[in-house]
Amino acid sequence: MLELKNLSVRYQGNLQDALSTINLSFTQGEFVCILGKSGAGKSTLVRCINGLQKPTDGEIIWGSSTLSQMNEEQLRKVRKEMGMIFQHFNLVPRLSVLQNVMTGMFGYRHTFKNLVGWFTKEEIDQAKQVIADVGLSDMIDRKVERLSGGQKQRVGIARSILQNPKLLLGDEPVSSLDPGTSIHIFNLLTEMHQRHGLLTIINVHDVELAKRYATRILALKDGEVSFDGKPEDFDEKEYDNTYVSSSNPVTI
Ligand SMILES: Nc1ncnc2c1ncn2[C@@H]1O[C@H](COP(=O)(O)OP(=O)(O)OP(=O)(O)O)[C@@H](O)[C@H]1O
């Protein structure tokens, strides 16, 4: 479904690769959590997959398409199949929950229609259903600037789901939230993941959350994959290898 072949990224002016010769493949139904220290390359990997970051080398193959060879127009079409949720939600604060969620349909709509806000009753009903699915029906007309962080992330999830994606990507979607709210968001993500039969790839700082919800854990270290396996195999040794720098060992 998704394959990364010899993927490398080096940002302009940097001496080291942010990602170095990554080879991975993902199948539908996997719930993948990416772990790694700050600067390990997690965001770069997620941003490469949906085409926000161009690789320096290598290929990203999505179904029968090679993303790294596409122009912006072609990428925009492919991105419709990829929902994305962000740490800081990326919502329009002054618009309502419903209006923000409806922007998930923009990829499908003619630009003029998008601008004038013409949506059919059927489209609005679809959005209302997704808003109900994330538990926000009673706040549907509230401006999102008046929502809590957890509620905003629910709007972000609803917007992505309305896109009808095959792949759901998350760039630290719970890093701004408290532990209890993070669990609620991961429960919701799992429910959406299962209901819509998605491939879900999320980077996250919380190892316990990753181990609890992922079906597969990837750890990155200095831009390379240092672990790829089952959550139960990500043990203390792997934790140390991922997070404890060899030049700065932790002694107990
Ligand atoms: N726009 C940029 N320009 C130059 N270097 C960058 C840029 N974005 C990221 N980098 C560098 O690329 C490397 C990987 O960064 P990335 O943001 O992917 O890491 P990360 O694992 O997501 O970190 P964090 O957990 O702190 O978000 C880091 O060394 C970072 O400094």
Amide hydrogen neighbours beyond the local backbone of GLY170, cut-off 5 Å, H modeled: ILE85, ILE201, ILE202, ASN203
With unit charges on the beta carbons (Lys and Arg positive, Asp and Glu negative) and the dipole taken about the Cα centre of the chain, which residue among GLN153, GLN12, PRO93 sits farthest to the positive side? PRO93
Which entries of LYS80/LYS152; LYS166/LYS211; LYS42/LYS152; LYS143/LYS211 have Cα-Cα distances beyond 25 Å here? LYS143/LYS211
Based on other C-beta atoms within 10 Å, arrange ARG47, ARG159 from fewest to most. ARG47, ARG159
If a/c stays under 1.5 just call it rounded; otherwise compare a/b with b/c (prolate if a/b is bigger, oblate if not). Do that for the stretch 50-108, with a ≥ b ≥ c from the square roots of the Cα gyration tensor eigenvalues. prolate
Between 0 and 90 degrees, rounded to the nearest ten: what's the tilt of helix 121-133 against the longest Cα principal axis of the chain? 50
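Return a whole-number percent for the relative contact order of the chain, with Cα pairs under 8 Å and 6 or more residues apart as the contact set.
Numbers: 452 pairs, mean separation 69.5, N = 252.
Averaging sequence separation for qualifying contacts and normalising by length gives 28 percent for the chain.
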Give me the one-decimal nm value for the distance between modelled label points at SER176 and THR215, 7 Å along each residue's Cα-to-Cβ direction. 3.0
Label-to-label distance, nm, for residues given as HIS205 and ASN23 (7 Å Cα→Cβ offset): 3.4
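I need the peptides 206-212, 10-16, 98-104 ranked by packing, meaning the mean over residues of other C-beta atoms within 10 angstrom, with the highest value on top. Present the calculation step by step, with values, prior to reporting the outcome.
On the way: 206-212: 17.3, 10-16: 8.7, 98-104: 22.3.
Put in order of decreasing packing, that is 98-104, 206-212, 10-16.
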Find how much the distance from LYS37 to SER64 grows on full extension, using 0.36 nm per residue of separation minus their present alpha carbon separation; answer in nm with one decimal. 6.4 nm
Can you list residues whose amide H is under 5 Å from ASP228's amide H, if they're 5+ apart or on another chain and H is modeled 1.01 Å from N? ALA219
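Could you give the length gained on full extension between LEU95 and VAL244, defined as 0.36 nm per residue of separation minus the Cα-Cα distance, in nm? Before the final figure, lay out each step's value.
On the way: separation 149, 0.36 × 149 = 53.64 nm, distance 4.32 nm.
Computed gain between LEU95 and VAL244 is 49.3 nm.
Any number yet on Rg/Rh for the chain, C-alpha, Kirkwood?
On the way: Rg = 18.6 Å, Rh = 19.0 Å.
That ratio equals 0.98.
Report the FRET efficiency, 1/(1 + (r/R0)^6), for SER226 and GLN194, where r is their Cβ-Cβ distance and R0 is 22 Å, rounded to 0.05.
The pair SER226/GLN194 has a calculated efficiency of 0.15.
Read-outs throughout are calculated quantities, based only on the coordinates presented, and are distinct from any laboratory measurement. None of the values given here were measured: they were computed from a predicted structure. All Cβ positions, even for glycine, are placed from backbone atoms using ideal geometry, and neighbour counts span all protein chains on display.
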